[in-house]
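Taking it in order: structure first as structure tokens, then the write-up.
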Amino acid sequence: MILKRNFNPLKVAQYIQLELNISIVASLLVYIAFKLQLIKTGLPFSIVGIMGSALAIFIAFRNNSSYGRWWEARAAWSGITNASRVLGRLIITFTDSHKHQENYNLKRSEIFKIELVYATVAYVHAMRIDLRRQNNWNDIKHLLPIEVFEKILHAHNIPNQIQLHIGQKIYEAMSNGILGGFDSFQMEGQLLALANHQGTCERIKNTPLLRQYDFFTRIFLYTFIVLLPFALLKEFIQLESSYLIIPVSILISFIFSVMGKVGEVNEDPFENKITDIPLTSICNTIERDLKEMLGEHNLPSEIKEKDGYLD
């Protein structure tokens, strides 16, 4: 996620290199053709003006839709953060609340707490890895019992398998007395919340923004960039400054291209790019919070922004 307020124009230009190259070539060809008297006048500016208006509408719609997807993804991960904290709190407080029971076993209960809290941490990290289509599953190996890790490693949906493991351990704890009463119902509520947020993230990941908006926006943009120098030529001929079509065409093309690129880079918030949701940072926060709830002091280092970016 980008946190800094100012951007390097050269780095921005790298994202729209194709559009800038088209603009440079088109404006140079029009200027050279005019100087060689191959063309003597340009297009009425109203033609390109109407096209620019239509293009702006397409870009605005796409940008609004892309931001909506990005913000929904961020809201889903805020829900994952909250549900993970509540689930961790319930695991700890419910387990500790049964110390008065005759069959209470301190060692068994402590193992249960640690295993389930660590499994919750493993779940959010697995969500991050799965959404980014990475394969570094060894990052969660230390958070799960080795037999569980080996069992889920080849599953199609590893986060879902981890949640299944958590559910099984909860009902196992109900049967052996670690938990009791209606403990499982409240824990199930948080597992349901995690499953719902996971479904939201998977929907955003697997359902792209309507491809027709992407296609026609690009076609209209390229057409606009090519026709722009012809429209500017007529205006600058009257000012006897035909050479200005080159920098002015590039400048206007730059503005429209950046506007279009903003929507493009934001429509997929789980691609491990600098414009994405900072999943690594969010997972780091959840891990630190849950381990601290267990009373641990050797916590993972907090992930902070670097050069204006947060991973």
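With n ≥ 4 as the cut-off for DSSP H runs, can you work out [θ] at 222 nm for the chain, using -39500 (n - 2.57) per run divided by the number of residues, rounded to the nearest 500?
-24500 deg cm²/dmol
Using the basic label-point model (7 angstrom from Cα toward the beta carbon), what is the A195 to E305 distance in nanometres?
Result for the modelled spin labels: 3.8 nm.
Using a 10 Å cut-off around each Cβ, can you sort K11, K273 from fewest to most neighbouring Cβ atoms?
Going from sparsest to densest Cβ surroundings: K11, K273.
Past the 21 angstrom mark, what percentage of all C-alpha to C-alpha distances in the range 79-202 do you count? Write down the numbers at each step before the final one.
On the way: 2829 of 7626 pairs.
Summing the P(r) tail past 21 Å for the range 79-202 gives 37 percent.
With an 8 Å Cα cut-off and a minimum separation of 6 or more residues, compute the relative contact order for the range 181-311 in percent. Can you show the working numbers first?
On the way: 61 pairs, mean separation 24.2, N = 131.
Over the range 181-311, the number comes to 19 percent.
Given the Cα atoms of the chain, and with Rh set as the inverse mean 1/r over their pairs in the Kirkwood sense, what is Rg to Rh to two decimals?
Taking Rg over the Kirkwood Rh, I get 1.20.
Hey, fewest Cβ within 10 Å first, where do D268, D139 land in order?
Working: D268 18, D139 14.
Fewest-to-most Cβ neighbours within 10 Å comes out as D139, D268.
Helix 183-206 versus the longest principal axis of the chain: what is the Cα-based angle in degrees, 0 to 90, to the nearest 10?
Computed tilt is about 20 degrees.
Please check which bits of the range 47-61 a label hung off T223 would reach, taking the label as a point 7 Å along Cα-to-C-beta and the cut-off as backbone N under 15 Å.
Answer for the range 47-61: 47-59.
Pairs of Cα atoms under 8 Å, at least six residues apart: use those to get the relative contact order of the chain, whole percent.
The normalised contact order for the chain reaches 39 percent.
Checking the cross-link filter: which lysines have an alpha carbon closer than 18 Å to that of K35, excluding same-chain neighbours under 8 positions apart?
Straight-distance partners of K35: K234.
Connecting C-alpha atoms closer than 10 Å in a GNM of the chain, tell me which of L227, L179, L106 has the biggest fluctuation.
Maximum among the listed residues: L106.
How far, in degrees from 0 to 90, does helix 158-176 lean away from the longest principal axis of the Cα atoms of the chain, to the nearest 10?
20
Run the simple label-point estimate for I146 and L29 please: 7 Å along Cα→C-beta, distance reported in nm.
Between I146 and L29, the simple spin-label model gives 6.6 nm.
Report the extension gain between S46 and Q168 in nm, rounded to one decimal, defined as 0.36 nm multiplied by the number of residues separating them, less their alpha carbon distance. Display every interim value, and only then the final one.
Numbers: separation 122, 0.36 × 122 = 43.92 nm, distance 6.77 nm.
Going from the current span to full extension adds 37.1 nm.
Given H placed 1.01 Å from N in the peptide plane, which residues other than close sequence neighbours of Y309 have an amide H under 5 Å from its amide H?
The list, which skips near neighbours in sequence, is L3.
Starting from 0.36 nm per residue, how many nanometres of slack lie between L244 and R203 once their C-alpha separation is accounted for?
Going from the current span to full extension adds 10.0 nm.
Quick one: helix 245-266 against the long Cα principal axis of the chain, what's the angle to the nearest 10°, folded into 0 to 90?
Its long axis makes an angle of about 20 degrees.
If N is the number of residues in the range 215-311, what value comes out of its Cα radius of gyration divided by 2.2 N^0.38 Å?
Cα Rg divided by the expected 2.2 N^0.38 Å: 1.90.
No lab work stands behind these numbers, since they all come straight from the coordinates. All values derive from a computational prediction rather than experimental measurement. Cβ atoms come from the backbone with ideal geometry, glycine included; neighbour counts cover every protein chain shown.
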